[in-house]
Amino acid sequence: IAPKKDGAVQILPKDVTFVVDASSSIAQRKLDEVVAGVKRSIELLRPDDRFNVIVFRDSPKQFQPEHVNATQENKAAAMQFLSGLESFGQTDVFAAVRPVLEVPTREGIPGMTFVITDGRPTTGLRDGRLIINNLTEENRERKPIYAYSGGKTVNRYLLDLLAYRNKGESFVSEEIDAMDKDLPAFFLQLNDPLLTDLRADYGSIAEENVFPKELPDFFRGRAVTVYGRFDPKKEGELVMRLVGRDGAAQKELVFKADLAEARTGDAEIARNWAFRKVYHLIGEMVRAGETPELIAQLRDLCRQYNIRTVYDE
């Protein structure tokens, strides 16, 4: 699903929080790249956006007590706040992100949190599964969390699952020297929100086989892709109802498709569906624990579709 290229769609303002890890586990060279990337991202903000910056080690330090408008004056002050940042101290990811999730967002306005860390806590809550579960539970407004890092020493489990469980996504630059460019490029993909708080139902199609369970926000230039399975002997039509918020207003879109007339897909579509279900199952393991039933489902799916995970036998 993607907005029409020639359609006149209003871009929503947004509330953005950059949460920057400046602990000693982030080498100074890497931190310098991160700071350069955050500064470039802040420059991309529009005047009707609001933002804040949090730098954390064993405790977080805020640029401002609350979000401020993205004026040139406030942007310049944020640049000064980030200048000369030094790498030292312990890493407490949970204590840094938790207060951000408690800040209310404007009605119908996306509240976006960018967590920039190697995902390796050394103090406070250190168990990755507990960090993911507790932050997801604290995220009552379902604000998207986007996780970013770079280099080889990254806890991808924490970054990937924290983002996945909170309607976001993660990105890791392979090379540290690319971080100052990759971070603003990642941010730019999410700079033009169009619709937020998306919910969908799929008519007669069994929703247990539809992924992702929570839809991400709509952004200009990005499609939202939903994968599902249907039984052609029982289900001949897809009716998808999509509801979201455009500022204070609610919008509803209905899509209909005759499945008997649909083009035949290839094996890659089925594998993409399986990959999304694998993510869902691993997310459930984070939430509920590594039960024998979930592990068996995961391994069966991975064998059938040739997908590798850390749970391979």
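Measuring against 28 Å, Cα to Cα, the residue pairs K75/K213; K5/K75; K5/K233; K143/K251; K39/K277 contain K75/K213; K5/K75; K5/K233; K39/K277 as the ones spanning a longer distance.
Quick one, which of (i) 2.39; (ii) 1.05; (iii) 1.00 is the actual Cα Rg over 2.2 N^0.38 Å calculated for this model? Of the labelled values, this structure produces (ii).
Summed over the residues of segment 233-290 and divided among them, the accessible surface reaches 65 Å² per residue at a probe radius of 1.4 Å. Screening the chain for DSSP H helices whose Cα atoms reach 30 Å or more along their own axis and whose mean Kyte hydropathy is at least -1.0 gives 267-288. Each stretch of four or more DSSP H residues adds -39500 (n - 2.57); spread over every residue of the chain, this sum gives -10500 deg cm²/dmol at 222 nm. Roll a 1.4 angstrom probe over the protein heavy atoms and tell me the percent of accessible area of the chain that is carbon or sulfur. Summing carbon and sulfur atoms, their accessible area is 49 percent of the total for the chain. When only Cα pairs below 8 angstrom with a gap of at least 6 residues are kept, the chain shows a relative contact order of 17 percent. Under the convention that each Lys and Arg Cβ holds +1 and each Asp and Glu Cβ holds -1, the size of the dipole of segment 62-128 around its Cα centre is about 80 debye. The separation of segment 276-299 from segment 186-210, counted between C-alpha centres, amounts to 22 Å. The slack between T309 and A27, meaning 0.36 nm per residue of separation minus the straight C-alpha distance, is 98.6 nm. Here the chain is assigned +1 on the Cβ of each Lys and Arg and -1 on the Cβ of each Asp and Glu. Its dipole about the Cα centre then comes out at about 160 debye.
The values are calculated or read from the model by the stated rules, or taken from the named source; none is laboratory data. Computed from a prediction, not measured in an experiment: that's the story for all the values here. Glycine gets a Cβ as well: all are built from the backbone with ideal geometry, and neighbour counts include every protein chain shown. Ligands, DNA and RNA are excluded from the accessible area calculation, which covers all protein heavy atoms including side chains. Shrake-Rupley method; radii C 1.70, N 1.55, O 1.52, S 1.80 Å.
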